Each structure stands twice: as C-alpha cells, then as structure tokens.
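Here is the structure we will look at.
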Amino acid sequence: MAGLMVLLIDGPITAIVQACVEDAYQGRVLTIMSSLLWITTPIGLGIAGPVSDRIGVSSWYLIAGGFCLVGVIFSIFVPALINIEENNQRFITNKKLI
C-alpha cells in the first residue's frame, strides 16, 4: 500500500513541476526536490526501524500506507493544490506587469 501511494504522488508532482516551472529551471527544481526527499530517508528509517521492531514490519507498512492515503485524501480538498496551475499563471502574469 505504501509503495502504491508513492506512485500516486510522484507522477503528479513531476507533472506539476513541468507545468509550473520554466524549462530552463526544471532540472534544478527536480534535483533540489529529490535531494530534500532523500535527506529525509535516514530520519524515516530511524523512526521506522524501532517502530517496526515493536509492532511488526507488515503492520508498519499498513500504517505508513494509511498515512499516505490520508495525505492524498487531505490534499484533494486543499484549494491551493487543486488550483496550482491557475495560481502559477496568475503569478507569472503579475510578474510580467512589474
């Protein structure tokens, strides 16, 4: 379940970056995003290790997948995320007027 949630998150976030970031900066933005995500791996493993030792690995995967699912469901109702491309177009339009 946790692995499935990663697929559901990574595809849309990459598409959003490609739609909202100028072509010249997409590689830099995606690299910074990847670096920030990878830096959290030791923290996550530091938490997951002891917790999964206590409750079991399969239980930990179900709980982690559940948290991801809650995050996805929550994000469906956040207006800033729903309208991210329109918000970006307004920012670009306002920036050109300055």
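Pop out the carbon and sulfur fraction of the accessible area of the stretch 24-90 as a percent, whole number, probe 1.4 Å. On the stretch 24-90, the fraction of accessible area on carbon and sulfur atoms equals 73 percent.
On a per residue basis, the stretch 1-45 carries 76 Å² of accessible surface, using protein heavy atoms and a 1.4 Å probe.
Converting phi to 3J(HN,Hα) with the Karplus coefficients 6.51, -1.76 and 1.60 and the offset θ = phi - 60°, the stretch 35-47 yields 4, 5, 5, 6, 5, 7, 4, x, 5, x, 5, x, 7 Hz in sequence order, with x at every glycine or proline.
The values are calculated or read from the model by the stated rules, or taken from the named source; none is laboratory data. Remember, predicted model here, so these are calculated numbers, not experimental data. Protein only, heavy atoms only, side chains kept; ligands, DNA and RNA dropped before computing areas. Shrake-Rupley method; radii C 1.70, N 1.55, O 1.52, S 1.80 Å.
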